[in-house]
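Everything on this sheet refers to the single structure shown next.
The values are calculated or read from the model by the stated rules, or taken from the named source; none is laboratory data. The model shown is predicted, which means the values in this text are computed figures rather than measured ones. Because the Cβ atoms are built from the backbone with ideal geometry, glycine has one as well, and the counts that use them run over all protein chains shown.
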């Protein structure tokens with residue numbers, strides 16, 4: 001290894017050592033595991049009245065969509081602007097065709113992947129719908145849907161999804177998310193406030209607007225990542 | 001301990017960014033750095049003998065100790081942001097390759 | 001009517017604008033206009049999101065400080081959009097997202113929310129810089145921006161582990177109760193470095209030379225004036241209320257800022273290309289603004305941000321249009337630029353003299369006021385460095401002006417549209433008016449940042 005790299009590695013390890021030392025000398029920084037949740041704001045998230053108020057059995061979902069829903073709106077926007085950026089940089093208005101790769105898939109791969117596609121899609125949809133009851137939610141579910149599309153792209157070198165449809169789905173899902181927030185401003189008093197009944201804890205149809213928002217997020221994430229995959233795997237048609 | 005490992009991962013990712021000049025390797029180092037950071041954030045929320053913060057018929061509020069749900073929500077956001085940045089970086093790298101026919105930053109004809 | 005509309009409506013417009021490429025620029029104009037108009041009707045104070053009071057939920061703070069910041073940012077974006085509608089129409093969605101995220105950055109009262117908006121603004125800015133068609137520089141910017149945001153998040157998480165809350169007002173309350181500043185050095189250093197990357201502080205600003213040095217009439221003004229202004233406002237709020245540097249950390253930060261001022265001016269002096277001169281001057285101004293916030297001189301820092309933003313807008317527009325038309329921005333190749341464009345030359349001269357701090361212009365009023373406030377707190381080193389920097393500034397700006405006014409051997413002809421000239425005249429007049437009639441500037445004082453007031457009242 002070159003001397004410059006060795007020196008940089010030494011500096012890096014020294015840096016990590018100094019950060020670790022600074023954190024252990026910090027009187028207020030709790031050591032691993034010795035945390036009292038009532039010192040933190042999470043104590044109130046786990047309070048029974050708050051849980052009944054929001055109605056979601058999965059407390060992490062309650063935080064992501066209800067308490068800190070504004071952050072989630074921002075996160076959805078980050079993915080939106082990245083997908084937009086990839087389309088701006090790699091896309092073009094000319095007609096596009098699939099990228100020529102060295103690997104040519106065979107018949108078994110092409111047919112077998114279509115069978116798998118349906119199963120992966122179902123699992124993704126299940127995870128999206130049950131976001132307020134089990135771990136998961138819109139983001140992992142949407143990514144699974146996109147990975148199903150990626151499977152089709154990889155297994156068949158002539159497959160192209162309907163990108164126009166994805167773009168419309170993306171725009172509509174995002175706008176609906178903001179419109180639900182604005183409805184909260186009109187019907188209740190605050191932006192993104194829950195205006196549907198919370199229902200019983202543990203039912204599929206509970207937790208107010210949380211399942212609706214997660215479905216929108218799942219569709220948006222799925223279509224955005226599929227758009228990114230398409231942008232990477234296509235090139236301009238050389239006339 | 002896991003917090004120390006996370007901090008070392010974070011710093012190793014930074015080290016990778018500093019010494020590499022190949023675009024793809026820099027993107028990988030960026031991802032390693034972000035993984036280290038996400039691990040650190042999750043480790044902040046751990047409580048000894050705590051279970052996942054999902055209310056079921058056996059795990060109700062008074063009966064069991066829960067781990068902190070807030071860092072998990074923060075990490076969800078941080079992971080998605082990392083994915084977005086990586087996708088954009090890869091698109092820029094592809095544009096760079098189309099233009100200069102190399103992935104090496106120091107060989108580009110721009111005055112960097 | 002709630003301040004969250006300032007963020008929600010541009011976001012809605014951005015999501016709708018990808019459905020039709022043709023109407024996207026008009027949605028951008030409509031959203032920017034909407035933001036400017038609605039600010040007159042919004043009530044001041046905290047805005048709760050989602051109905052969950054803090055610290056359970058997120059809230060925004062809309063006070064005079066935020067109002068001034070947003071008028072500046074939204075107004076500048078409207079101006080840049082109108083000037084670049086034809087040439088950069090396909091960046092309309094990106095600009096809408098930049099508008100929404102910069103508004104959110106200034107308004108928010110929650111530290112993690114600030115991280116999310118910082119990331120959105122950062123990615124929008126990488127895309128805006130990609131319009132320069134220099135992928136190497138854009139990649140460098142992206143890597144530095146991502147590292148900066150990660151460092152900020154790292155510092156933020158340590159603060160959460162220590163105090164258990166992410167809300168800024170709540171966090172400051174708990175910090176005051178708990179004393180011991182030694183514990184806070186690591187997270188504050190990390191957060192300062194994280195924001196310093198985007199705020200162009202040395203030594204984290206190696207991206208500035210590439211991205212602004214080859215900019216065009218949209219990316220140059222956006223990054224040098226709009227982003228610089230918004231990030232300075234958000235950074236200022238944090239420095240003034242949260243960081244409260246003391247002891248050794250204060251010395252280290254002051255050294256970093258002094259170095260930023262000195263090296264920035266030195267590199268501007270040595271530059272031969274006009275855009276490099278302007279961007280290094282921008283770096284030095286950013287360090288001066290941060291220095292003022294560290295010393296608690298909030299109101300003059302705000303005025304300096306505004307003056308710097310509109311000055312850099314005019315200067316970058318003039319030079320980038322010239323570079324676009326002639327293909328070069330070397331000082332010797334642009335000699336005599338103003339001999340054919342007298343109006344543009346006069347406004348550029350006014351703006352340059354204001355930055356140096358000549359009497360009769362707003363820059364002089366601002367510089368005099370903050371220097372006298374620094375003298376009152378006994379900061380002799382800072383005053384000496386700023387005066388030295390102003391001297392160097394004067395030399396290189398006058399040298400630039402001489403080169404641009406007097407013809408060389410080559411014929412330089414650049415055409416500026418009427419809309420550009422109107423913008424230049426308005427800015428120059430503004431700087432002239434506030435230079436001579438300073439009473440409106442003195443009406444506001446340091447109390448426009450109401451976070452301190454809220455904390456003192458409990």
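How many of the residues making up region C:164-188 are facing chain A (nearest Cβ under 10 Å) and within 28 Å of the chain's Cα centre (by Cα)?
7
When region A:26-48 is examined, which residues are found to be within 29 Å of the chain's Cα centre (by Cα) and more than 7 Å from every other protein chain (Cβ to nearest Cβ)?
Matches in region A:26-48: A:43, A:47.
Residues of region A:152-162 being in a helix (DSSP H, G or I) and surrounded by fewer than 18 Cβ atoms within 10 Å (Cβ to Cβ), which ones?
Across region A:152-162, the qualifying residue is only A:154.
Suppose the filter is outside any helix (DSSP H, G or I) and crowded, with 16+ Cβ neighbours inside 10 Å; does residue C:416 pass it?
Numbers: outside any helix (DSSP H, G or I): yes; crowded, with 16+ Cβ neighbours inside 10 Å: yes.
When the stated conditions are applied, residue C:416 passes them.
Does any residue of region C:133-144 turn out to be under 19 Å from the mean Cα position of the chain (by Cα) and surrounded by fewer than 24 Cβ atoms within 10 Å (Cβ to Cβ)?
Checked against the condition, which is being under 19 Å from the mean Cα position of the chain (by Cα) and surrounded by fewer than 24 Cβ atoms within 10 Å (Cβ to Cβ), region C:133-144 yields at least one hit.
Which of the residues that make up region B:1-42 are in contact with a strand residue (DSSP E or B) (Cβ under 9 Å, 6 or more places away or on another chain) and within 12 Å of chain A (Cβ to nearest Cβ)?
Within region B:1-42, B:21 is the sole residue that qualifies.
Could you check region A:187-239 and list, in sequence order, the residues that are in a loop (DSSP other than H, G, I, E, B) and under 26 Å from residue A:99 (Cα atoms)?
If we filter region A:187-239 for residues that are in a loop (DSSP other than H, G, I, E, B), which is where we start, we get A:188-209, A:233, A:237-239.
Those that are in a loop (DSSP other than H, G, I, E, B) and under 26 Å from residue A:99 (Cα atoms): A:233, A:237, A:238, A:239.
Just the residues that are at the interface with another protein chain (Cβ under 7 Å from one of its Cβ atoms) and surrounded by fewer than 21 Cβ atoms within 10 Å (Cβ to Cβ), please, taken from region B:94-104.
As a first pass, look at region B:94-104 and keep what is at the interface with another protein chain (Cβ under 7 Å from one of its Cβ atoms): B:94-96, B:99.
Across region B:94-104, the qualifying residues are B:94, B:95, B:99.
Please pick out the residue among C:429, C:441 that is assigned by TED's automatic domain parsing to the domain that holds residue C:313, outside any loop (DSSP other than H, G, I, E, B) and free of Cβ contacts under 8 Å to residues at least 60 places away in the same chain.
Sole residue among the options that is assigned by TED's automatic domain parsing to the domain that holds residue C:313, outside any loop (DSSP other than H, G, I, E, B) and free of Cβ contacts under 8 Å to residues at least 60 places away in the same chain: C:429.
Please report, ordered by residue number, the helices (runs of 4 or more DSSP H) entirely within region C:180-245 with at least 3 residues that are over 30 Å from residue A:27 (Cβ atoms).
In region C:180-245, the matching helices (runs of 4 or more DSSP H) lie at C:206-213, C:228-238.
Against the definition (surrounded by fewer than 22 Cβ atoms within 10 Å (Cβ to Cβ), away from chain C (no Cβ under 11 Å) and within 15 Å of the chain's Cα centre (by Cα)), how does residue A:215 come out, yes or no? Show your work before the answer.
Working: surrounded by fewer than 22 Cβ atoms within 10 Å (Cβ to Cβ): yes; away from chain C (no Cβ under 11 Å): yes; within 15 Å of the chain's Cα centre (by Cα): yes.
So residue A:215 fits the description; yes.
Please determine whether any residue of region B:71-79 is more than 7 Å from every other protein chain (Cβ to nearest Cβ), within 18 Å of residue A:30 (Cα to Cα), surrounded by 22 or more Cβ atoms within 10 Å (Cβ to Cβ) and modelled with pLDDT under 90. Lay out the reasoning, then the answer.
Going through region B:71-79, the residues more than 7 Å from every other protein chain (Cβ to nearest Cβ) turn out to be B:71, B:75, B:79.
From the residues that got through so far, the ones that are within 18 Å of residue A:30 (Cα to Cα) too are B:71.
Add one more test, that the residue is surrounded by 22 or more Cβ atoms within 10 Å (Cβ to Cβ), and what stays is B:71.
Add one more test, that the residue is modelled with pLDDT under 90, and what stays is none.
So far as region B:71-79 goes, no, none of its residues is more than 7 Å from every other protein chain (Cβ to nearest Cβ), within 18 Å of residue A:30 (Cα to Cα), surrounded by 22 or more Cβ atoms within 10 Å (Cβ to Cβ) and modelled with pLDDT under 90.
Quick one: in region A:73-86, which of the residues that are closer than 23 Å to residue C:138 by Cβ and more than 9 Å from chain B (Cβ to nearest Cβ) is nearest to the chain's Cα centre (by Cα)?
Once the filter is applied, the top-ranked residue is A:77.
Give the number of residues within region B:21-59 that are part of a helix (DSSP H, G or I) and more than 17 Å from residue A:42 (Cα to Cα).
Count: 18.
Output the number of the condition that residue C:384 fails; it satisfies all remaining conditions of (1) surrounded by fewer than 12 Cβ atoms within 10 Å (Cβ to Cβ); (2) closer than 30 Å to residue C:83 by Cβ.
Condition not satisfied by residue C:384: (2).
Scan region A:102-124 and tell me whether some residue there is surrounded by fewer than 24 Cβ atoms within 10 Å (Cβ to Cβ), under 15 Å from the mean Cα position of the chain (by Cα) and either at pLDDT 85 or above or within 14 Å of chain C (Cβ to nearest Cβ) (or both). Explain how you work it out, then say what you get.
Going residue by residue through region A:102-124, those that are surrounded by fewer than 24 Cβ atoms within 10 Å (Cβ to Cβ) are A:102-124.
Then drop every residue that is not under 15 Å from the mean Cα position of the chain (by Cα), which leaves A:124.
With either at pLDDT 85 or above or within 14 Å of chain C (Cβ to nearest Cβ) (or both) added as a condition, the list becomes A:124.
Checked region A:102-124: at least one residue is surrounded by fewer than 24 Cβ atoms within 10 Å (Cβ to Cβ), under 15 Å from the mean Cα position of the chain (by Cα) and either at pLDDT 85 or above or within 14 Å of chain C (Cβ to nearest Cβ) (or both).
Got a sec? Which of A:175, A:226, A:198, A:147 is within 14 Å of chain C (Cβ to nearest Cβ) and under 30 Å from residue B:92 (Cβ atoms)? Lay out the reasoning, then the answer.
Details: A:226 fails: within 14 Å of chain C (Cβ to nearest Cβ); A:198 fails: under 30 Å from residue B:92 (Cβ atoms); A:147 fails: within 14 Å of chain C (Cβ to nearest Cβ).
The match here is A:175.
Select from region C:380-413 the residues that are part of a helix (DSSP H, G or I), over 20 Å from residue C:312 (Cα atoms) and touching a helix residue (DSSP H, G or I) at 6+ places or on another chain (Cβ under 9 Å) and list them in ascending order. Write out each step before concluding.
At the first step, the residues of region C:380-413 found to be part of a helix (DSSP H, G or I) are C:380-405.
If we keep only those that are over 20 Å from residue C:312 (Cα atoms) as well, we get C:380-385, C:387-388.
Answer for region C:380-413, where residues must be part of a helix (DSSP H, G or I), over 20 Å from residue C:312 (Cα atoms) and touching a helix residue (DSSP H, G or I) at 6+ places or on another chain (Cβ under 9 Å): C:380, C:381, C:382, C:383, C:385, C:387, C:388.
Only one of (1) assigned to a helix (DSSP H, G or I); (2) surrounded by fewer than 23 Cβ atoms within 10 Å (Cβ to Cβ); (3) more than 7 Å from every other protein chain (Cβ to nearest Cβ); (4) modelled with pLDDT under 95 is not met by residue B:62, so which one is it?
Tallying (1) assigned to a helix (DSSP H, G or I); (2) surrounded by fewer than 23 Cβ atoms within 10 Å (Cβ to Cβ); (3) more than 7 Å from every other protein chain (Cβ to nearest Cβ); (4) modelled with pLDDT under 95, residue B:62 fails exactly one: (1).
Among the numbered conditions (1) within 11 Å of chain A (Cβ to nearest Cβ); (2) more than 20 Å from the chain's Cα centre (by Cα); (3) touching a residue at least 40 places away in the same chain (Cβ under 8 Å), tell me where residue C:161 comes up short.
Status for residue C:161: all satisfied but (3).
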